[in-house]
Each structure stands twice: as structure tokens, then as C-alpha cells.
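The values are calculated or read from the model by the stated rules, or taken from the named source; none is laboratory data. All values reported here derive from a predicted model rather than from experimental measurement. Using ideal geometry, Cβ is built from the backbone for each residue, glycine included, and neighbour counts are taken over all protein chains shown. Calculation scope for accessible area: heavy atoms of the full protein, side chains included, ligands and nucleic acids excluded. Shrake-Rupley method; radii C 1.70, N 1.55, O 1.52, S 1.80 Å.
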Amino acid sequence: MALAPGLLWLRLQLPFRLNHVNIYLLEDDDSWTVIDAGVDDPGTRGVWETVLAEVLGGRPIRRIVVTHYHPDHVGAAAFLAERTGATVLMGETEYLTARAHLAAGDADLAAEEVFYRGHGLADAAIGFMRQRLARYRRVVPALPRRYQPLRAGDRLVIGARRLDVLCHAGHSPAQMLLHAPGDNLFFAADHVLAQISPNVSVAEEKPHDDPLGLYLASFPRLRETVSDEALVLPGHRLPFRGLHTRTRQLALHHDERCGAILAACRARPLTAADLVPALFPMDLDPHQLWFAFSEALAHVNYLSARGRLVEIPSGGISRWQAP
């Protein structure tokens, strides 16, 4: 679908509960720049072949911008780069995080198991968690061997458009966002979505990290940088306007989540796994459980860093109580 002159919106299917990812194609003078690539599976490759043959008017893809390391954004980048000869542009932190996922071995899996068990997850859930890296590798079988590092403050010139590169943490370690102030366009990746709250998770290798604090701190800066009238082009769901309203809604959502955790932890000390039902009172499949647990821990770390929760360790398991 054409969203504006020289701007196409493509939706690719995903093998997850969130069953699609948005891809954007920007027309350059004699070529195209792609923002994100989808997972690497036969269906995605087939769509890209159709796009190359029938959609781009015979002009090649010269650049592929990957916003972050998650499989639905980076998965098919290596395939598409090899197929087209395009240069991949990606933040260095995100690229190296993806490479670490592909390089992880048995010692990393054992460390993850200790981490999950220490936060109260049951054996059945831990068994599923151990498969997470294998699932990542199935849809990200390779990364581009070479890439051009993308950094906050960079500017991309794509045809008549000038896109400023922004970098904000939370949903991923250093997600890259693109802002075209002259066209009032904001390519928000998974940082700000309509209708749903982007997942904010704590990773095993950074057990005391505060991604939620970083995420919430990004909102005032975004409101200073991007107009509320900008067309927000997210990685999932529909494009929308009203960025400032949406960031305030998301901040309120997380404040309510923190309130639910504090209320639960005033009664007795609870593990992060115990807190999942307080935040997600619905049936969760194993895939959703990983996101729910990791987000519960992100809220715990946020509250702990601000002295609003106290850790009560016992028998190798961390529980949390509101003072």
C-alpha cells in the first residue's frame, strides 16, 4: 500500500501470536531503501521475490535498515542483502546482540536456567525457555557478514527525504528509529505501538538492568523531537497520529502495572514468576509466558532501583516485598 509519494507499506506474516510485522520501503533516486526485513522463512522469501519482481518498478533495493535485533526485524536481512546486494545499516549494539544469540552455547543455556529458576519459574516453563535460542536461530539462520553501523545523530538521505536517526532503549537495547521532520513521518519500529504496549524485558545476561526506566525516560525526549501531528509508522498494527498522547498512555499503563505489583507485594514476598498473574490475568501460551515473565521482572527491577521494592532472597530464590 502506498502511504505517501515514494513510501510503500508492506505487511509480512509471522509464525507468532502477533502475526505480522510492518515493513516500509522508501523510494530513492534510482533505487529503494527497506526498513526491516521480517523473519527468514519460505513465506517471507516468497513475498520478497514477488516484491522484487512486481512492485519496485525494476529498481533495485540498495539499503536495508534494521531497527533492532528481534527476529521479525532482522531475520531475513541476510537473505535479502545477498539476494539484492544491498548494504545493511544497523545499530552496533543491536547487531552484536543478534550475533550473541546466534553464538550462544550450552553454558549460556545453563546460566539462563539458573536465572529463571532463581526467579521462581517452574520446571515446565524453564524447559520452554531453554528452547528460546533455538527458536531464534530457526528464523534468523544468519546475519549479514558486513554491515554499516547506524548511530544516533546520523542522517540518511533517501531521495528528497532527510531522515534523522534516533536511538532509544527499552524494547531492545538500542533500537534505531527514523524521523523525517520535513515530511512529518516517524518510523517508530516497536518503540511506540498503537493499541498494544511494546514488550520491555530483562535479559539473563543483565539481571539487574532497568530497561523500563530507560523506556519511560525516552518519552519526554520523543515529545521534544517529534511532532504530535507526525504520522507514526510502527513495526506492528496500524500507522497513527498522536504520538504525544500515545506516549502518555503508555507511561500511565506502566504506572498502573507498578501499582499492581506493589499491591501484591505488600501482602507477602513474591517472586517475579508469582507476579505474572497479577499483570497478565489470562491464559498464556508458552511463547507469551516468556514475554510476561520478562516484563514482570522489568517492573520489579524498576521499582527496586527506586527503593519501592526490597529483595528477600531465600534458598537461591529472589522474592520481593513492598516496604
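Test of understanding: among Ala203, Ala152, which residue is open to solvent by 10 Å² or more (accessible area, probe 1.4 Å), closer than 27 Å to Arg237 by Cα and touching a helix residue (DSSP H, G or I) at 6+ places or on another chain (Cβ under 8 Å)?
Details: Ala152 fails: touching a helix residue (DSSP H, G or I) at 6+ places or on another chain (Cβ under 8 Å).
The match here is Ala203.
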Checklist line | Any chance Tyr69 is open to solvent by 30 Å² or more (accessible area, probe 1.4 Å), of a type in the set (Phe, Trp, Tyr) and in contact with a helix residue (DSSP H, G or I) (Cβ under 9 Å, 6 or more places away or on another chain) | finding: yes
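Only residues that are farther than 12 Å from Leu297 by Cα and either surrounded by 17 or more Cβ atoms within 10 Å (Cβ to Cβ) or under 25 Å from the mean Cα position of the chain (by Cα) (or both): list them for the stretch 264-280, please.
Here is the first cut: in the stretch 264-280, the residues farther than 12 Å from Leu297 by Cα are 264-269, 277-278, 280.
Answer for the stretch 264-280, where residues must be farther than 12 Å from Leu297 by Cα and either surrounded by 17 or more Cβ atoms within 10 Å (Cβ to Cβ) or under 25 Å from the mean Cα position of the chain (by Cα) (or both): Ala264, Cys265, Pro269, Pro277, Ala278, Phe280.
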Check: Any residue in the stretch 227-238 that is in a helix (DSSP H, G or I) and open to solvent by 30 Å² or more (accessible area, probe 1.4 Å)?
Finding: no
Check: Checking Asn22 against (1) over 21 Å from Leu177 (Cα atoms); (2) in contact (Cβ under 8 Å) with a residue 60 or more places away in the chain; (3) not basic (Lys, Arg), which single condition isn't satisfied?
Finding: (1)
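Given the condition in contact (Cβ under 8 Å) with a residue 40 or more places away in the chain, in a strand (DSSP E or B) and in contact with a Lys or Arg (Cβ under 7 Å, 6 or more places away or on another chain), answer yes or no: does some residue in the stretch 285-297 qualify?
Going through the stretch 285-297, the residues in contact (Cβ under 8 Å) with a residue 40 or more places away in the chain turn out to be 285-291, 293-295, 297.
From the residues that got through so far, the ones that are in a strand (DSSP E or B) too are none.
No: the stretch 285-297 contains no residue that is in contact (Cβ under 8 Å) with a residue 40 or more places away in the chain, in a strand (DSSP E or B) and in contact with a Lys or Arg (Cβ under 7 Å, 6 or more places away or on another chain).
Given the criterion touching a Phe, Trp or Tyr at 6+ places or on another chain (Cβ under 8 Å), open to solvent by less than 10 Å² (accessible area, probe 1.4 Å) and either touching a residue at least 60 places away in the same chain (Cβ under 8 Å) or aromatic (Phe, Trp, Tyr) (or both), identify the matching residue among Leu178, Leu143.
Every option except Leu178 fails the conditions.
Please specify each residue of the stretch 72-118 satisfying the condition of being outside any helix (DSSP H, G or I) and either open to solvent by 20 Å² or more (accessible area, probe 1.4 Å) or of a type in the set (A, V, I, L, M, F, W, C) (or both). Walk me through it before giving the result.
First pass over the stretch 72-118, keeping only residues outside any helix (DSSP H, G or I): 75-76, 85-91, 104-105.
Ala76, Gly85, Ala86, Thr87, Val88, Leu89, Met90, Ala104, Gly105, listed by residue number.
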Note to self: Can you report the number of residues in the stretch 1-45 which are acidic (Asp, Glu), touching a helix residue (DSSP H, G or I) at 6+ places or on another chain (Cβ under 7 Å) and open to solvent by 10 Å² or more (accessible area, probe 1.4 Å)?
What the structure shows: 2
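Could you identify the single residue in Ala134, Ala125 that is open to solvent by less than 20 Å² (accessible area, probe 1.4 Å), assigned to a helix (DSSP H, G or I) and not basic (Lys, Arg)? Break it down stepwise before answering.
Working: Ala134 fails: open to solvent by less than 20 Å² (accessible area, probe 1.4 Å).
The conditions single out Ala125.
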Next item on the list: Answer yes or no: is there a residue in the stretch 101-120 that is more than 20 Å from the chain's Cα centre (by Cα) and closer than 25 Å to Gly85 by Cβ.
Entry: no
